[in-house]
Amino acid sequence: MVKHIWDSDRAAKLPKGVEELVYRSNLIGSDRTVCNWGGGNTSMKTTEKDFRGREIEVMWVKGSGSDLATMKTHNFTGLKLDDIRPLIKRDQMPDEEMVDYLSHCMIDSKHPRPSIETLLHAFLPYKHVDHTHPDAIISICCADNGKQIAEDIYGNRFVWVPYVRPGFTLSKMIAEGVANNPHAELVLMEKHGLVTWGETSETCYQKTISIIQEAEQYVNDRINQHEVFGGKRYQPLPEDKRKQILAGIMPVIRGAVSEEKKMILSYDDHDDVLEFVNSVQAPALSQIGAACPDHLVHTKRVPLYIDWNPETQDVHKLADLIKSGVETFTSEYQAYFTRNQQDGDQIFESAPRVILIPGIGMVNTGKSYAMSKVSGALYRRAIAVMKGATALGQFVSLHENESYHVEYWPLELYKLTLAPPEAEFSRKVALITGGAGGIG
């Protein structure tokens, strides 16, 4: 269960302003069941003095490409609210125009580019706003009967917003939905996440946590009453056997996924991973789609599921299935790109980021060990969401075209440009000899 960890004594010692927003953001980001790596955003509204000494209302919002768990004051962007608020009177605003407009609202050009969801925060009339992706909440938002479930939990206290890609339209829908419901305490974004608010940083944090706890209690009660993922199809192999097999197949996997660019691998056999990959429903459930738009760039729309029987088939058969599976995944991903591409789009690596193997666990790929671990961490969140959603109803996801337009969305891809350029030996593995000798 999500825990309330606000330290009132520590918070009281913080300077009023962005420091308290940093504290709240770090607390929220520290629990990955509340907020994905790199995902979610927070804001606060303050009064500042501009360069002429005039008092102006400023909204501080997470800058694009930062992570709530680790961000500091320099990762937030200040924007003049008087310049932003009139936008809500518009009927529409293309992404490119929105980004350009917001760049003129910044109080300091050295601040990072503001979050994709800046207008979501600006259009809500509350001093503090949190947007998160909690597992329990997304389980509801990705269930086919999610709106009815929300009514059971929250009554008339929520606003349900159908799926729309983040931007002007979604921000306006949220603001209007809240304005039209005097009882609203939260917004549930279909196939996406949660929005909460408060008049102080602490009350905003408390609301975020309490709303998630209500969802967790409801979802966990249903999970305990159901056979998870349709029950077991296979038993996980003993740990020593898993490691023995991995030693033989990891080079096979790395060779197969490195046809276009070299990839680094990591391995995960946490209990939740083993429960999923060995389940009856995993082959079909894993192919429905991503559990959250924020996952797509790092996990792709679906993982590669290797249909291997650990009880009757040997490691040589597994190696063959991996090679053919990666080849099929690559060709299908290229076809997916071709079906949906727009002018100027350039395809990413076609190889899978997530590989699920019954009896063994999950192997992840990335340009570095750290990024392969990010893909794995995000897919564990997807497993948690699917576990909750299937206990409530049927798991649903973005359809193919919706997924593509998030995965290849220029505003989402901009985050990737903020990463440092790849180093000379990126994507390579080095073996340093002599390390066991006196000189080494």
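Quick notes
- Filter pass, Thr338 being surrounded by fewer than 17 Cβ atoms within 10 Å (Cβ to Cβ) and on the phi < 0 side of the Ramachandran plot: yes
- Those helices (runs of 4 or more DSSP H) lying entirely in the range 89-177 with at least 1 residues loosely packed, with under 15 Cβ neighbours inside 10 Å and among the hydroxyl-bearing types (Ser, Thr, Tyr): 95-103
- The residue that is farthest from Ala351 (Cα to Cα), among those in the range 278-327 that are without any contact (Cβ under 8 Å) to a residue 12 or more places away in the chain and in a loop (DSSP other than H, G, I, E, B), is Thr312.
- For the range 175-185, the criterion of being under 22 Å from Asp152 (Cβ atoms), touching a strand residue (DSSP E or B) at 6+ places or on another chain (Cβ under 7 Å) and free of Cβ contacts under 8 Å to residues at least 24 places away in the same chain is met by at least one residue.
- The combined condition, being without any contact (Cβ under 8 Å) to a residue 40 or more places away in the chain and farther than 23 Å from Tyr234 by Cβ, is not fulfilled by Gly393.
- Exclusive hit being aromatic (Phe, Trp, Tyr), part of a loop (DSSP other than H, G, I, E, B), under 28 Å from Ile383 (Cβ atoms) and at pLDDT 95 or above, set Tyr218, Tyr234: Tyr234
- Among residues that are assigned to a loop (DSSP other than H, G, I, E, B) and either closer than 30 Å to Asp221 by Cα or assigned by TED's automatic domain parsing to the domain that holds Ile264 (or both), Glu275 is not included.
- For the range 31-85, filtering for residues that are buried (at least 20 other Cβ atoms within 10 Å of the Cβ), of a type in the set (Val, Ile, Thr) and under 25 Å from the mean Cα position of the chain (by Cα) leaves 4.
- Output for the range 346-367, where each listed residue is under 19 Å from the mean Cα position of the chain (by Cα) and more than 14 Å from Pro303 (Cα to Cα): Phe348, Lys367
The values are calculated or read from the model by the stated rules, or taken from the named source; none is laboratory data. Please read all numbers here as calculations on a predicted model, not as lab measurements. Please note: Cβ atoms are built from the backbone with ideal geometry, for glycine as well, and neighbour counts cover all protein chains shown.
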